[in-house]
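The values are calculated or read from the model by the stated rules, or taken from the named source; none is laboratory data. In this text the structure is predicted, and so the values were computed from the model without any measurement. All Cβ positions, even for glycine, are placed from backbone atoms using ideal geometry, and neighbour counts span all protein chains on display.
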Amino acid sequence: MRPTRGPTLYKVPGSDGLVLAVAPALGSPSVSATLVWRFPKPVFCDGFFLALRPGAVAAATQAARTSLVIVDETNQPIVSDSRGTLRGVTNAPVAAPLLSMFGRAGHPFPIQRPVAAQDQWFVSFQNEDPANVVTLAGLFLLFQDVL
Amino acid sequence: MQDFPVSVIEWTQKQLGQYGRLGATRVVKVPDLPAPIPATTGSLAQAPLLTWRDPGTVISLYAQELSGLLPKFAQTDVRLQFSGDEDLITNGSAGDFAPLLALVGPNTNWFPITRRVKRGDVWTVTYRNSDPSGISTAYPSMLFAFIADADLGRAARDMAQQGQ
């Protein structure tokens, strides 16, 4: 599977305008519903980023307190803490904070994932801010077409 | 060392040209601290151990402090110990701390490292609250971009099957 043209940015349906509720407490984030992304054709996914709408706190603070969970087509988390990845043991997903992954400028996080048509990824979001909601502007996946 | 098809090498070079680094196949997060580091200046907190379960290559480090503010990045230090009594940061005679801001500054959110890991390797991350006021807790976290050997092997097989 060879990347030959791109990238194209795909926005995960349901991610634009999604509002994450206030966290019950620091260290106890609110968790969004899970969105399902189905790849329309074989592609090479080489990055992703999540954009936020401006909020009541500094953008960097908002990004530091908002996290993302992605599970791939094999039901394995793209982000894990390496606990439980031994064969036969469920590999629990963990949430990755946006500020770590995308920085203050919102750079795409580079990955390398060839995927087949109809493969599905599952994404959810967390807000760790106990005082402010977060509104998403979209989760974007960068694809290279496979011709 | 495994030989990869030319297309894999071309694609790797493209990634380096496009991003200045390689893409990860997985992201591995250091298990979170159970609570913020106490406010007392110099307080230490060791994260739960990171035990590598799959062989592969770590290509970069990402980190943050929960406030997202640059002063907190400058006042929160980190020490990373690899398996085998080796540190990422050393003063020449022992492992040492560096501020988050020195590793992941305002313009670049990642720090390049290249480390092979094998199953069972254990990395230890220790944070230090160096806020001189002594009144502010710190809640740092860290991630690693990781290329699992198994994932790269799969990509190579995919390309080979398609005759590329």
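Within the range B:17-39, identify whether any single residue is modelled with pLDDT of 95 or more, more than 10 Å from chain A (Cβ to nearest Cβ) and out of contact with any Phe, Trp or Tyr (no Cβ under 9 Å at 6 or more places or on another chain), and answer yes or no.
yes
Of all residues in the range B:30-44, how many are without any contact (Cβ under 8 Å) to a residue 60 or more places away in the chain and either among the acidic types (D, E) or not in a loop (DSSP other than H, G, I, E, B) (or both)?
Residues flagged as without any contact (Cβ under 8 Å) to a residue 60 or more places away in the chain and either among the acidic types (D, E) or not in a loop (DSSP other than H, G, I, E, B) (or both) within the range B:30-44 amount to 0.
Could you count how many residues in the range A:88-135 are at the interface with chain B (Cβ under 8 Å from one of its Cβ atoms), more than 13 Å from the chain's Cα centre (by Cα) and of a type in the set (G, A, S)?
Residues meeting the conditions: 2.
Among all residue pairs at least 6 apart or on different chains, which show Cβ distances below 7 Å where the first residue, located in the range B:70-89, is touching a residue at least 40 places away in the same chain (Cβ under 8 Å) and the second is basic (K, R)?
B:D77/B:R128; B:F82/B:R115
Where residues in the range B:129-151 are buried (at least 16 other Cβ atoms within 10 Å of the Cβ) and among the small types (G, A, S), which of them is farthest from the chain's Cα centre (by Cα)?
B:S136
So which residues in the range A:81-101 are surrounded by fewer than 23 Cβ atoms within 10 Å (Cβ to Cβ) and at pLDDT 95 or above?
The answer is none; no residue qualifies.
Return the only residue of A:Q118, A:Q144, A:Q126 being at pLDDT below 95 and in a strand (DSSP E or B).
The unique qualifying residue is A:Q144.
When you scan the range B:78-110, how many residues do you find that are touching a strand residue (DSSP E or B) at 6+ places or on another chain (Cβ under 7 Å) and of a type in the set (V, I, T)? So that I can check it myself, show each step before the final result.
Of the residues in the range B:78-110, the ones touching a strand residue (DSSP E or B) at 6+ places or on another chain (Cβ under 7 Å) are B:78-83, B:87-89, B:95-100, B:103-104, B:109-110.
Add one more test, that the residue is of a type in the set (V, I, T), and what stays is B:78, B:89, B:104.
Total satisfying the criteria: 3.
Can you pull out the strands (runs of 3 or more DSSP E) entirely within the range B:53-123 that have at least 2 residues that are closer than 19 Å to B:D151 by Cβ?
B:56-65, B:110-117
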